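Reviewing the structure listed below.
Each value in this text was obtained by applying a stated rule to the coordinates, not by laboratory testing. All values reported here derive from a predicted model rather than from experimental measurement. Note that we place each Cβ from the backbone using ideal geometry, even for glycine, and neighbour counts take in every protein chain shown.
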Amino acid sequence: MIHDRGAKKWTALMLPEHIEMLKALQVQYSYKEKPVLDEQQVEENAIKLQLAIHDDLTVEVKFYKTHDFHKVKGKLLSVVSNDCIVFDNEDRMRVKFSDIMDVLVI
């Protein structure tokens, strides 16, 4: 029976540059792709946002940014030139319309 040390024996041969490259590859493998929404979903999201800003309702928006999905919850403060929405929270977060995946009116 062979008693191998597995990955331990190879760590001495790896340069710091190799380790950095492997870590960068692991990060890239965890990236998520931005899905393409159809026209109906985009229109439905726009209607929900208009309803929320008109009636001062709280919304939860799922959006795509920096290779991952994020959620933000709050009331809408304004719509900036039909390009992005601004939330009325402590950091006045901006989300582009093209990055919005789903809108939930609460």
State all residues of the stretch 56-103 that are over 16 Å from N45 (Cα atoms) and small (G, A, S); if no residue qualifies, say none.
S81
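One line per residue, one yes/no per condition, for (1) under 25 Å from E39 (Cβ atoms); (2) among the polar types (S, T, N, Q); (3) in contact (Cβ under 8 Å) with a residue 60 or more places away in the chain; (4) out of contact with any Leu (no Cβ under 6 Å at 6 or more places or on another chain):
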position	(1), (2), (3), (4)
V59	yes, no, no, yes
Y64	yes, no, no, yes
K73	no, no, no, yes
L76	yes, no, no, yes
N82	yes, yes, no, yes
I85	yes, no, no, no
N89	no, yes, no, yes
R94	yes, no, no, yes
Counting just the residues of the stretch 17-40 that are free of Cβ contacts under 8 Å to residues at least 12 places away in the same chain and under 18 Å from S98 (Cβ atoms), which one comes out nearest to the chain's Cα centre (by Cα)?
E33
